[in-house]
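Colleague: Next up is a structure, given as structure tokens.
The values are calculated or read from the model by the stated rules, or taken from the named source; none is laboratory data. Here the structure is a predicted model, which is why all the values come from computation and not from measurement. So basically every Cβ, Gly included, is an ideal-geometry build from the backbone, and we count neighbours across all protein chains shown. Ligands, DNA and RNA are stripped out before the accessible areas are found, and what is left, the full protein with its side chains, is counted by its heavy atoms. Shrake-Rupley method; radii C 1.70, N 1.55, O 1.52, S 1.80 Å.
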Amino acid sequence: SLAGAVSNLAGMTGVFGTNNGPAIGAAQFEWPTGIAVANDKATLYIADQGANQIRVLTTNNTVSNLAVGGYQFNTPSAVAVDNNNNLWVADSGNMVICMVSNGITLVIAGTPGVIGASDSSAYPGALFNLPGGLLWDNQKNTLLISDTDNDTIRSLYLTNIQGVSSY
């Protein structure tokens with residue numbers, strides 16, 4: 001029985017780095033902090049803070065970097081997948097929430113590099129201080145965000161998504 005068994009799924013214990021490739025034996029991570037499962041229930045997205053990347057573990061047990069256009073993550077800490085298979089990223093170092101869809105990254109909430117604690121219905125008014133964990137609520141079409149250094153839980157209700165910049 002596998003009940004209670006813990007085993008390595010990807011990466012090399014005690015070895016950090018940014019290598020892509022086979023999940024066991026080659027792939028390396030530099031501080032994986034968040035994981036989300038795609039709607040296919042097989043693909044995993046991993047927020048790799050130290051590598052400043054979103055990594056993908058596919059069904060063929062290979063790890064690679066997610067294509068995000070020209071956007072540069074800065075310590076991404078969490079990922080979530082919505083009901084349309086868009087990937088949401090808490091980009092903690094940039095103080096923003098991004099959406100990645102079909103290789104294009106949109107900054108949806110927050111202003112890159114600006115720390116704050118304000119709510120707003122439109123970009124760039126909402127500000128964060130180290131956005132952390134994410135949870136997608138399919139029923140409410142809402143992204144829940146732990147705004148770590150503001151000691152708050154924020155909600156981002158999504159209608160007519162428009163980001164400030166696409167990459």
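Colleague: In debye, nearest 20, what is the charge dipole magnitude of segment 6-129 about its Cα centre with +1 on Lys and Arg Cβ and -1 on Asp and Glu Cβ, if you could check? Mind dumping the intermediate values first?
Modeller: Details: 2 positive and 6 negative charges, 33 e Å.
Dipole of segment 6-129, to the nearest 20 debye: 160 debye.
Colleague: Still on this structure, I have one more. Under a 1.4 Å probe, what is the accessible area of the chain per residue, stated in Å²?
Modeller: Roughly 52 Å² per residue, with all protein chains present.
Colleague: Separate question: Of the peptides 71-77, 39-45, how do they stack up when ordered by the mean number of other Cβ atoms within 10 Å, highest first? Intermediate results must be reported in sequence, preceding the final value.
Modeller: Numbers: 71-77: 19.7, 39-45: 13.6.
Those peptides, ordered most packed to least, come out 71-77, 39-45.
Colleague: Once fully extended, how much extra length lies between A26 and T43, figured as 0.36 nm per residue of separation less the alpha-carbon to alpha-carbon distance?
Modeller: On the way: separation 17, 0.36 × 17 = 6.12 nm, distance 1.82 nm.
Computed gain between A26 and T43 is 4.3 nm.
Colleague: Right, here's the next one. Binning every alpha carbon pair distance of segment 58-120 at 5 Å from zero, what are the percents per bin?
Modeller: Reading the bins upward from 0: 4, 17, 25, 25, 16, 8, 2, 2, 1.
Colleague: For percent of Cα pairs over 26 Å apart, several values are listed as [x] 41; [y] 37; [z] 27; flag the one computed from this structure.
Modeller: So the structure-derived entry is [z].
Colleague: From the Cα gyration tensor of segment 97-147, with a ≥ b ≥ c the square roots of its eigenvalues, which class applies: rounded if a/c is under 1.5, or else prolate if a/b is larger than b/c, or else oblate? Write down the numbers at each step before the final one.
Modeller: On the way: a/c = 1.66, a/b = 1.23, b/c = 1.36.
Since a/c reaches 1.5 but b/c is at least a/b, the shape of segment 97-147 is classed as oblate.
Colleague: Follow-up. With an 8 Å cut-off on Cα pairs and a minimum separation of 6 or more residues, tell me the relative contact order of segment 45-137 in percent.
Modeller: On the way: 225 pairs, mean separation 20.2, N = 93.
Relative CO of segment 45-137 lands at 22 percent.
Colleague: Figure the gain on full extension for I35 and A117 (residue separation times 0.36 nm, minus the Cα-Cα span) and round it to one decimal in nm. Intermediate values should be presented prior to the final figure.
Modeller: Values: separation 82, 0.36 × 82 = 29.52 nm, distance 2.56 nm.
Roughly 27.0 nm would be gained on extension.
Colleague: Once both labels are modelled 7 Å past Cα along the beta-carbon direction, what's the T13-L130 spacing in nm?
Modeller: 2.9 nm
Colleague: Ok, one more. Taking the Cα centre of segment 1-125 as the origin and placing charges on Cβ (Lys, Arg +1; Asp, Glu -1), which of Q53, N74, I97 is farthest toward the positive end of the dipole?
Modeller: The Cα lying farthest towards the positive end belongs to Q53.
Colleague: If you don't mind, another one. Roughly how much of S92 is accessible, in Å² to the nearest 10, using a 1.4 Å probe?
Modeller: Counting only protein heavy atoms, the figure is 10 Å².
Colleague: Sticking with this one: Quick check: residue separation of L144 and T58 times 0.36 nm, minus the Cα distance between them. What number comes out in nm? Write out the running numbers ahead of the final one.
Modeller: Working: separation 86, 0.36 × 86 = 30.96 nm, distance 2.58 nm.
Taking 0.36 nm per residue and subtracting the Cα distance, the gain is 28.4 nm.
Colleague: Report in % the part of the accessible area of the chain that belongs to carbon and sulfur, leaving out ligands and nucleic acids; probe 1.4 Å. Mind showing how you got there, number by number?
Modeller: Numbers: 4410 of 8600 Å².
Carbon and sulfur together cover 51 percent of it.
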